[in-house]
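The values are calculated or read from the model by the stated rules, or taken from the named source; none is laboratory data. Source: prediction; values computed, not measured. The accessibility values were calculated without ligands, DNA or RNA, using every heavy atom of the protein model including side chains. Shrake-Rupley method; radii C 1.70, N 1.55, O 1.52, S 1.80 Å.
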Amino acid sequence: MRIFTASAIIAALSLGTPAFVQAQGAAPSESEAQKPPAQSSTIIRSIQVVDVKDLQPAVRSKVDEIVAQTSDEEMLALRKAIDASPGVAAALKAKGLNSSHVVAINVADGVLTLFAKTA
């Protein structure tokens, strides 16, 4: 499983609602320009929210490593993108969470996984 840092994910979150929405072309930032072009054609079909404490130790360790490497600015940008995406924010709200709980995300096979810390 590949977990992306906030700078790589903002483009995916700009998709808005999760139902078969295709990314719209936007001018990439410097860090996004270094990412593969496939990022802009990602289709989000579903969203899942996973509590980090429920992960297997090996996966939890990878998430913690990503979080440690993510700057405050990247985390803030990720959370702003989540708040600006109604479908993503609604998925969190359904679990009683909000963007401040999200520490990392993953996009794979049309599934956006939000990793949240609740405690």
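For the range 43-73, filtered to residues that are of a type in the set (D, E, K, R) and not in a helix (DSSP H, G or I), the residue that is modelled with the highest pLDDT is Asp51.
Out of Ala81, Ala90, Ala116, Ala77, one residue alone is of a type in the set (A, V, I, L, M) and open to solvent by 40 Å² or more (accessible area, probe 1.4 Å). It is Ala90. In summary, Gly110 fulfils each of the numbered conditions (1) open to solvent by 70 Å² or more (accessible area, probe 1.4 Å); (2) at positive phi with the single exception of condition (1).
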